[in-house]
Amino acid sequence: MRLFRLALIVAAVLTLTGCGASEKASSGAAEIVPANAPAFVAVDSNADSSQWQQIEELLKKFPDGGQLFSMLRSSFEGDTKLDWERDVKPALGDEIDLVWLDLNAKGENVVAVTKPKDKEKFLAAVKKANASDESGNELVVGEHEDWVLFSDSQAKIDRFKQQVPTDDNLADDETYKDAVAELPDDSLVAAFARGRALLEVIEDTALLPTGSLFQLQAGQRPEFIAAALAAQDEGMRFVTASRTEDQSADQVEPFESKLLADVPGDAVAFLSFHGGDVLDKQLQQLQGEAMAKGALEEFERMFGLKIDAITGLFKNEVALYARAGTPFPEVTLLLEAPNEQEALATVDNLLSKLTKAAPARPCQEQEQAGVTVKCVGFSGFSIRYAAFDGKVVVTTGAQSIEEIRSGGPRLADDDAFKDARDAAGMPDETAGFVWLDFEDGLPLVFGLAEASGDSDEIPQEIRRNLEPLRSLVAWADSEGRTSSAELFLAID
């Protein structure tokens with residue numbers, strides 16, 4: 001978008017006022033927006049809101065949080081020639097909304113709508129900012145009742161005013177209400193888009209090649225997509241939600257991780273997902289495309305393995321975790337395998353082919369905790385793998401398989417891990433999740449950088465401002481036609 005001034009004002013609201021919200025994004029300009037609007041973004045600009053207080057408290061935890069505010073404010077005032085306290089803050093209302101008239105012209109057909117606290121001050125601020133603008137992209141301002149409209153052309157404002165509904169509006173639209181119901185009650189910014197409008201843009205601009213592989217099937221076409229960013233007591237939350245027009249036939253059902261019980265308690269990162277039948281469906285689509293089919297057949301010829309044997313490794317639960325190691329962190333892949341020997345044979349064949357194609361060599365098999373462990377050695381590290389207890393383990397750790405079978409402390413019982421899950425509000429059953437421990441993981445990253453001689457590339461100001469980060473938890477969920485994903489960044 002070329003709406004520099006519009007983006008600048010909205011960014012200023014986000015960064016300088018704390019963008020609070022005491023109500024959901026269904027309030028505000030949605031009442032004067034047509035019910036069929038393709039996209040709508042609500043930015044709450046109430047400087048006295050609870051969200052702003054949350055942002056202020058979170059920033060206090062960062063050594064340079066106050067300096068960030070000062071820098072952003074100085075930059076804003078220098079670019080616009082506006083005084084924040086005198087010209088802008090007294091004029092702002094509770095919300096600034098972006099309304100897309102359509103999604104043509106690269107998404108530039110947008111009008112911003114707000115109900116200022118002081119209309120005269122707001123109009124004066126825009127006029128003053130325009131007077132200092134040397135880019136030629138001055139804001140054009142219009143009015144509708146108590147609302148102020150601004151965009152980069154009068155034509156867009158006139159078009160918006162012609163579309164102001166007399167009865168059906170976006171706030172009362174069932175699809176829109178269902179979308180914002182999936183988002184947090186309080187948020188800094190909330191966005192909504194109609195799936196059909198997005199698909200039309202994709203089709204009209206030929207962003208995807210033609211062919212069945214790129215055609216969305218029943219259960220894949222989105223009805224809406226929504227997202228929100230919110231500040232909370234212990235960190236920042238980002239939420240996305242979407243609903244398809246039809247029920248997906250191959251949707252991954254929420255599950256509780258079984259492989260988590262095998263992960264050592266000193267892991268600093270963990271990922272779990274369930275492949276399900278999705279991989280088979282995608283493979284069938286690929287095999288239906290002439291070009292893709294040829295590439296798959298060449299791969300199978302080179303490695304002497306069927307593609308479906310490889311994808312079959314990921315059909316059940318797949319988990320990946322990392323923990324401290326010397327000189328590199330240990331990384332371990334866990335594959336749930338009902339037929340563990342068949343899965344092990346596939347892994348063995350795949351690694352054997354890699355041994356021939358890469359500077360690697362087989363290394364001596366060994367026994368760990370009653371399990372035969374095979375090995376492939378590369379420059380500086382080795383990959384060990386084995387099958388037992390209905391799973392296949394592939395790891396760079398010399399003793400990882402023994403530690404998995406040892407019955408020692410487990411990540412599922414670790415206080416830091418449980419606290420991170422509780423703070424994020426993650427349910428026991430998900431469609432997959434990831435957890436990162438910044439408290440123990442960042443020193444590991446810094447230590448690795450120091451060992452490689454690149455410690456100077458991480459400035460001290462970055463190091464100290466990363467210290468308040470405690471953990472990150474992200475997960476996916478699904479129910480019926482609706483899928484969602486949440487990310488929570490915990491700040492200590």
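Table for the structure above
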| quantity | calculated |
| --- | --- |
| All strands (runs of 3 or more DSSP E) inside region 210-287 with 3 or more residues being closer than 23 Å to residue 307 by Cβ, of a type in the set (S, T, N, Q) and modelled with pLDDT of 85 or more | none |
| Unique residue being more than 29 Å from residue 480 (Cβ to Cβ) and surrounded by fewer than 13 Cβ atoms within 10 Å (Cβ to Cβ) when the list is 290, 309 | 290 |
| Qualifying residue in region 319-327 (condition: outside any strand (DSSP E or B), in contact with a strand residue (DSSP E or B) (Cβ under 6 Å, 6 or more places away or on another chain) and open to solvent by less than 50 Å² (accessible area, probe 1.4 Å)) | no |
| One residue from 97, 79 being touching a helix residue (DSSP H, G or I) at 6+ places or on another chain (Cβ under 8 Å), in contact (Cβ under 8 Å) with a residue 60 or more places away in the chain, under 18 Å from residue 170 (Cβ atoms) and not hydrophobic (A, V, I, L, M, F, W, C) | 97 |
| From the options 398, 343, residue that is part of a loop (DSSP other than H, G, I, E, B), in contact with a Gly (Cβ under 9 Å, 6 or more places away or on another chain) and among the hydrophobic types (A, V, I, L, M, F, W, C) | 398 |
| Considering residues of region 1-46 that are modelled with pLDDT of 70 or more and of a type in the set (Gly, Ala, Ser) only, the residue farthest from residue 196 (Cα to Cα) | 45 |
| Selected residue (criterion: farthest from residue 185 (Cα to Cα)) from residues of region 229-257 that are of a type in the set (Ser, Thr, Tyr) and under 17 Å from the mean Cα position of the chain (by Cα) | 242 |
| Some residue of region 162-171 being assigned to a strand (DSSP E or B) and in contact with a Lys or Arg (Cβ under 8 Å, 6 or more places away or on another chain) | no |
| Positions within region 94-118 being out of contact with any Asp or Glu (no Cβ under 9 Å at 6 or more places or on another chain) and more than 19 Å from residue 162 (Cβ to Cβ), in sequence order | 106, 107, 118 |
| Members of region 410-420 found to be under 16 Å from residue 491 (Cβ atoms), open to solvent by 20 Å² or more (accessible area, probe 1.4 Å) and either out of contact with any helix residue (DSSP H, G or I) (no Cβ under 8 Å at 6 or more places or on another chain) or of a type in the set (Lys, Arg) (or both), listed by number | 419 |
| Failed criterion for residue 91 (all others in (1) modelled with pLDDT of 85 or more; (2) closer than 27 Å to residue 153 by Cβ hold) | (1) |
| Lone qualifier among 299, 303, 314 - being among the aromatic types (Phe, Trp, Tyr) and under 29 Å from the mean Cα position of the chain (by Cα) | 314 |
| Whichever residue in region 348-384 is in contact (Cβ under 8 Å) with a residue 24 or more places away in the chain and in contact with a Leu (Cβ under 7 Å, 6 or more places away or on another chain) and, among such residues, is most open to solvent (accessible area, probe 1.4 Å) | 349 |
| Test result for residue 302, under 30 Å from residue 195 (Cβ atoms), aliphatic (A, V, I, L, M) and assigned to a helix (DSSP H, G or I) | no |
| Residue 141 of a type outside the set (S, T, N, Q) and in contact (Cβ under 8 Å) with a residue 40 or more places away in the chain | no |
| Test: residue 146 is closer than 19 Å to residue 119 by Cα and either touching a Ser or Thr at 6+ places or on another chain (Cβ under 7 Å) or free of Cβ contacts under 8 Å to residues at least 40 places away in the same chain (or both) | yes |
| Counted residues, region 281-310 - those being under 17 Å from residue 349 (Cβ atoms), touching a residue at least 24 places away in the same chain (Cβ under 8 Å) and among the aliphatic types (A, V, I, L, M) | 5 |
| Any hit, region 349-364, residues being out of contact with any helix residue (DSSP H, G or I) (no Cβ under 7 Å at 6 or more places or on another chain) and either on the phi > 0 side of the Ramachandran plot or modelled with pLDDT of 90 or more (or both) | no |
| Residue that is within 30 Å of residue 368 (Cα to Cα), open to solvent by 30 Å² or more (accessible area, probe 1.4 Å) and of a type outside the set (Ser, Thr, Tyr), where the choices are 480, 425, 441, 407 | 407 |
| Cβ pairs under 7 Å, 6+ apart, first in region 311-339 and within 14 Å of residue 448 (Cα to Cα), second open to solvent by 40 Å² or more (accessible area, probe 1.4 Å) and of a type in the set (Asp, Glu) | 323/266; 324/266 |
| Subset of region 330-347 that is open to solvent by 40 Å² or more (accessible area, probe 1.4 Å) and not charged (D, E, K, R) - its residue that is nearest to residue 377 (Cα to Cα) | 331 |
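The values are calculated or read from the model by the stated rules, or taken from the named source; none is laboratory data. This is a predicted model, so every value here is computed, not measured. Every residue, glycine as well, gets a Cβ built from its backbone with ideal geometry; the counts of neighbours run over all protein chains shown. Remember, those area values only see protein heavy atoms, side chains included, never the ligands or the DNA or RNA. Shrake-Rupley method; radii C 1.70, N 1.55, O 1.52, S 1.80 Å.
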